[in-house]
Amino acid sequence: MITALIVVAALVLDARFGEPRHFHPLIGFGRVAKLLELCIYSDSRTRGVVALALLLFSFTLFIMLTRWLFPLDFLFDALLLYLAIGWHSLEQHARNVRDALVDGDLIAARQQVALMVSRDTSTLDPQETTKATLESALANGNDAIFAVIFWFIIGGAQGVVIYRLVNTLDAMWGYRNERYNHFGWGAARLDDLMNFIPARLTALGYALAGKTQIALRCWQKQGAYWKSPNAGPVMASGAGSLGLQLGGAASYHGTVEERPLLGEGRQPAIDDIDCALNLIRRTLLIWLLVLFLGAWFVW
């Protein structure tokens, strides 16, 4: 029951305050990781795994010592989980794109969606911009909300720290390009492993929160064909639950990739951004309901 209450407290803090405005711990971690990369980098899987292990061990040890010295475990865990959850940030980024599209400012919409995705956004039309926003919101619903909660339930403060640090390193190093194809291998594979179960629970939540049969069918038939083994099931289920078709061609670093189609139904419209955010909220409500029911039975 304490765990369930901590999750609610962290979500309330995130909804009320959002991310810290001046400095976020993950930004500090990213700077340390960049400095270590400059010192240790080599086009080698071994070097990448060593860098990954050094960062995870040192920061996890720091959190454990800090928590041991902190007088109130409940407050410490709630604050830590609040800093790890990105629900408010996810919604704000998606709404910024929606507002720019509603105002007819395509340039601003492209700039805002560029903060959410790694693809080229300079030539996106309004529908492509909407589609990119929906794909990012659905995928990051897992990374920024549900997987964070999952690892807090499984591993407490240390579980959250390890997951969020791995997720950050994957975002920094997990690219299949000349520099990171080998050095970032360990971070990318560990991120895939840590997201395997949470992603499928997120996909199940999306299905239960919307058009269930369609979502489950899309997850089963389409999820495995996406380039990411975890984002595929999540986005396929989310798209099917919304009755939309996502995926398709997209440009990355000047090269057009023919991506599989996800979901089924009509092409997305601007209002579907709000629908996706509502789907995430309903899924979060399902997770909290299951968490409290489980806590009540255990308690």
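Data overview
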item: Hey, Asp192 assigned to a helix (DSSP H, G or I), surrounded by fewer than 24 Cβ atoms within 10 Å (Cβ to Cβ) and at pLDDT 95 or above or not; result: yes
item: Residue list for the range 200-224, filter: among the polar types (S, T, N, Q) and under 16 Å from Ile149 (Cα atoms); result: Thr202
item: Pairs where the first residue, in the range 1-14, is closer than 12 Å to Phe152 by Cβ and in contact (Cβ under 8 Å) with a residue 24 or more places away in the chain and the second is crowded, with 19+ Cβ neighbours inside 10 Å and among the acidic types (Asp, Glu), C-beta under 9 Å, 6+ apart; result: Ile2/Asp77; Thr3/Asp77; Ile6/Asp77; Ala9/Asp77; Ala10/Asp77
item: Residues (loosely packed, with under 15 Cβ neighbours inside 10 Å and without any contact (Cβ under 8 Å) to a residue 40 or more places away in the chain) located in the range 71-109; result: Pro71, Leu72, Asp73, Leu75, Asp103, Gly104, Asp105, Leu106, Ile107
item: Residue count for the range 1-38, restricted to those that are outside any helix (DSSP H, G or I), more than 19 Å from the chain's Cα centre (by Cα) and not basic (Lys, Arg); result: 3
item: Residue check, Ala250 among the aliphatic types (A, V, I, L, M) and not in a strand (DSSP E or B); result: no
item: Top-ranked residue in the range 246-296 [being over 25 Å from Phe146 (Cα atoms) and acidic (Asp, Glu); ranked as surrounded by the fewest Cβ atoms within 10 Å (Cβ to Cβ)]; result: Glu258
item: Single match in Leu5, Leu54, Leu13, Leu38 (criterion: among the aliphatic types (A, V, I, L, M), crowded, with 16+ Cβ neighbours inside 10 Å, modelled with pLDDT of 90 or more and out of contact with any His (no Cβ under 9 Å at 6 or more places or on another chain)); result: Leu13
item: Any hit, the range 211-229, residues being among the hydrophobic types (A, V, I, L, M, F, W, C), surrounded by 17 or more Cβ atoms within 10 Å (Cβ to Cβ) and out of contact with any Gly (no Cβ under 8 Å at 6 or more places or on another chain); result: no
item: From Phe29, Phe23, residue being modelled with pLDDT under 95, surrounded by 16 or more Cβ atoms within 10 Å (Cβ to Cβ) and either under 24 Å from Ile154 (Cα atoms) or not hydroxyl-bearing (Ser, Thr, Tyr) (or both); result: Phe29
item: Lone unmet requirement of (1) over 28 Å from Asn278 (Cα atoms); (2) over 17 Å from the mean Cα position of the chain (by Cα); (3) surrounded by fewer than 18 Cβ atoms within 10 Å (Cβ to Cβ) for Gly186; result: (3)
item: Pair list, Cβ under 6 Å, 6 or more apart: the range 176-187 residue over 10 Å from Glu37 (Cβ atoms), other residue buried (at least 19 other Cβ atoms within 10 Å of the Cβ) and hydrophobic (A, V, I, L, M, F, W, C); result: Gly186/Leu52; Ala187/Leu52; Ala187/Leu169; Ala187/Trp173
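The values are calculated or read from the model by the stated rules, or taken from the named source; none is laboratory data. Here the structure is a predicted model, which means the values were calculated and not measured. All Cβ positions, even for glycine, are placed from backbone atoms using ideal geometry, and neighbour counts span all protein chains on display.
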